[in-house]
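Bear in mind that the values in this text are calculations on the coordinates, not laboratory data. Quantities reported herein were computed from a predicted structural model and do not represent experimental measurements. Heads up, the Cβs are rebuilt from the backbone with ideal geometry, glycines too, and the neighbour counts pull from every protein chain shown.
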């Protein structure tokens, strides 16, 4: 998308940077970045949420030694029998409750373990047997390594990603970038198919 936008707007320098999971809106509010792709839900009065760009099934990341690794699928109810890694604040409470619930749908408590500051910490902690964590299904491709296992949920909501930006800093250039992204996603089959289409075009599943 950055390359597509750059071709349409010569002279515009599109820079890409990572935002840490423990401070999801800090750089945006500080003016360090103009536009951000992030996991929904977002319920911030000063931020505008754009249309969904990507929608992925939710899977559980665990060490290969975990009892769940012997199962084909999992239920959200199973989280009562695991230790769930979480994220340090100032992540909003509604976001934490959505991705790292404290109880199952039937009301059983879900044990919480260590809170992470950087996403890479989660991989190390899971490998060390300190807990499990939900991730998007694309993680199977991007984070696969010896000792890690991914198992799909049968009943968990999908993980969705969308652009967000400060409401009072919306510009024509920003709207053009969002439009280019949506156009590209639609050309790949829409939010639920975009990543798979990209991988297929690269010659892999």
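Rounded to the nearest 0.05, the FRET efficiency derived from the C-beta distance between residue 29 and residue 155 at R0 = 41 Å is 0.70. Cβ crowding within 10 Å, taken as a proxy for footprinting-reagent exposure, orders 164, 16 from fewest neighbours to most as 16, 164. By the compact-protein rule of thumb, 2.2 N^0.38 Å, the alpha-carbon radius of gyration of segment 58-152 corresponds to a ratio of 1.00.
Ordered by the count of other Cβ atoms within 10 Å of each Cβ, fewest first, 112, 66 give 112, 66. Once a ≥ b ≥ c are taken as the square roots of the eigenvalues of the Cα gyration tensor of segment 87-205, is the result rounded (a/c under 1.5), prolate (a/b larger than b/c) or oblate (a/b not larger than b/c)? Oblate is the answer for segment 87-205, as a/c is 1.5 or above yet b/c matches or exceeds a/b. Shape analysis of the chain places it in the prolate category; the axes a ≥ b ≥ c from the Cα gyration tensor give an a/c of at least 1.5, with a/b above b/c. Taking other C-beta atoms within 10 Å as the exposure proxy, 175, 58 rank 175, 58 from fewest upward. Placing a label point 7 Å from the Cα of residue 49 along the Cα-to-Cβ line, the residues of segment 99-142 whose backbone N sits under 15 Å from it are 99-100. I'd like the antiparallel share, as a percent to the nearest 5, of DSSP beta bridges with both residues in segment 58-152. Looking only at bridges with both residues in segment 58-152, the antiparallel portion is about 70 percent. Computed per residue of the chain from DSSP H runs no shorter than four, each worth -39500 (n - 2.57), the mean residue ellipticity at 222 nm is -7500 deg cm²/dmol. Among beta bridges from DSSP that stay inside the chain, the antiparallel ones total about 80%. Placing a pseudo-label 7 Å from each Cα along the Cα-to-Cβ vector at residue 7 and residue 71 gives an inter-label distance of 4.6 nm.
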